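All remarks here apply to the structure that follows.
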Amino acid sequence: ADDAMYRVKRDQEPRGASERVPAAADPADELARAVRDGEMRVVYQPLVDLRSGRPTGAEALVRWEHPVDGLRTPDRFLGLAERTGLVVEIGALVLREACTQAARWTAARPDATGLTVTVNVSARQLSAPGFTDDVRAVLADTGLAARHLVLEVTETALMEDQETAAATLRRLRALGVRIAVDDFGTGYSSLAYLSRFPVDLLKVAREFVSRAGEDGDDDAITRAIVDLAGTLGLLTVAEGVETARQYEFVTALGCDLAQGHLFARPVPAEVVHAILTGVEGTPRPAGAAPSPAV
Ligand code: C2E
Ligand code: MG
Ligand code: MG
Ligand code: MG
């Protein structure tokens, strides 16, 4: 569907090859061109259920396939996308592509009730009027049941316009979509807001996980987050698990899910499809050779 969309846009604005990468283009123009020309890609990092060891879904992560540089990670362009507002268009492309893929996973895996795709939502998207309608339309178009979609927001996005954010999250929840707070512990971390916003999952920020078992204060924070989540009935995801020690630590604390290089790096759609539908070996901490990073 996305390819078709790009093609339509390209047909409307035919561009010669020499025009594609103008020398010394303004970075904002260059990013706008890239979005228009269909250079945004989506890769997927599996999430693993820490009790069963099975992959239960994947997080969609945007990449820019730059014609000269190759794949660029979001740290190279997401700030500019935020400032120019292009992040709204990029986010819409990622959402549609991710739901398209997830509809394939759920069709291919018989026990797919718990299978989820996780999509990052920027503050700009969250506050845009009609975001809920966009999500509803994407679910309808792709045939993905809402229970398979998790939207990730940051604490900062929630805090920017609390009333609007809370209202939008309630509408999304009413659709059956679940909400995760990304990088939990790095933003305001006002515990009070967790009761104000309808939230289903907390993702423990990588900076806490990465020092697991090494720093008493970080460990105490991680433990407090997991305990709090349990009390509030929320699931926890440990982000950025890289070592067996971190894996053992977050498992012992009672985290529900984990993602990180120990299990799998972000991979293209075909690879995550194979992982999630059982064609490729289950990512387990022991043994699984790291997939090539993208
Ligand atoms: P995030 O949502 O917290 O995503 C997790 C990031 O941590 C990803 O970086 C992932 O590749 C990286 N990561 C995962 N496991 C490990 C690990 O074990 N070690 C280390 N060192 N890193 C790990 P990535 O893909 O570069 O994305 C960076 C951030 O860009 C994301 O952080 C998210 O905030 C943002 N982002 C990515 N895709 C999108 C998108 O489609 N829309 C929006 N609005 N933001 C996005
Ligand atoms: Mg995220
Ligand atoms: Mg995160
Ligand atoms: Mg992050």
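The values are calculated or read from the model by the stated rules, or taken from the named source; none is laboratory data. Small disclaimer: the values here were computed from a predicted structure and weren't measured. Reconstructed Cβ throughout: ideal geometry from the backbone, glycine too, with neighbour counts over all protein chains shown.
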Only unsatisfied item for GLY187, checking (1) farther than 13 Å from LEU95 by Cβ; (2) more than 16 Å from ligand 3 (Cβ to nearest atom); (3) among the small types (Gly, Ala, Ser), is (2)
Matching residues in the stretch 237-252 (crowded, with 19+ Cβ neighbours inside 10 Å, touching an Asp or Glu at 6+ places or on another chain (Cβ under 9 Å) and part of a helix (DSSP H, G or I)) number 1
Going by the structure shown, is GLY240 within 16 Å of ligand 1 (Cβ to nearest atom) and either in contact with a His (Cβ under 8 Å, 6 or more places away or on another chain) or not β-branched (Val, Ile, Thr) (or both)? yes
Note on the stretch 184-215: residues among the aromatic types (Phe, Trp, Tyr), within 30 Å of ARG245 (Cβ to Cβ) and more than 12 Å from ligand 4 (Cβ to nearest atom) are TYR188, PHE208
Residue set ALA81, ALA98, ALA102; condition surrounded by 21 or more Cβ atoms within 10 Å (Cβ to Cβ), at pLDDT 95 or above, over 16 Å from LEU126 (Cα atoms) and near ligand 1 (Cβ under 9 Å from one of its atoms); output residue ALA98
Exactly one of ARG124, ARG147 is out of contact with any Pro (no Cβ under 6 Å at 6 or more places or on another chain), within 21 Å of LEU47 (Cα to Cα) and touching a residue at least 12 places away in the same chain (Cβ under 8 Å), and that one is ARG147
Filtering the stretch 190-205 down to residues that are surrounded by fewer than 16 Cβ atoms within 10 Å (Cβ to Cβ) and hydroxyl-bearing (Ser, Thr, Tyr) yields SER190, SER195
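Look through VAL250, VAL181 and report the one residue that is closer than 21 Å to GLY57 by Cβ and within 16 Å of ligand 4 (Cβ to nearest atom).
Answer to the check: VAL181.
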Going by what's in this entry, would VAL117 be described as part of a loop (DSSP other than H, G, I, E, B), crowded, with 17+ Cβ neighbours inside 10 Å and of a type in the set (A, V, I, L, M, F, W, C)?
no
Every listed condition ((1) under 20 Å from LEU50 (Cβ atoms); (2) of a type in the set (D, E, K, R); (3) surrounded by fewer than 19 Cβ atoms within 10 Å (Cβ to Cβ); (4) touching a residue at least 12 places away in the same chain (Cβ under 8 Å)) holds for ASP182 save (3)
Residues in the stretch 178-194 that are away from ligand 2 (no atom under 16 Å from the Cβ) and at pLDDT 80 or above total 1
Among the residues of the stretch 207-223, the number that are free of Cβ contacts under 8 Å to residues at least 40 places away in the same chain and either within 13 Å of ligand 1 (Cβ to nearest atom) or not in a helix (DSSP H, G or I) (or both) is 8
*Hey, any hits in the stretch 170-178 for a residue that's within 16 Å of ligand 3 (Cβ to nearest atom) and surrounded by fewer than 23 Cβ atoms within 10 Å (Cβ to Cβ)?*
yes
Those residues of the stretch 132-169 that are buried (at least 20 other Cβ atoms within 10 Å of the Cβ), within 16 Å of ligand 4 (Cβ to nearest atom) and among the β-branched types (Val, Ile, Thr) come to a total of 3
Flagged in the stretch 66-97 as assigned to a strand (DSSP E or B) and either under 18 Å from the mean Cα position of the chain (by Cα) or within 16 Å of ligand 2 (Cβ to nearest atom) (or both), in numbering order, are LEU71, ARG72
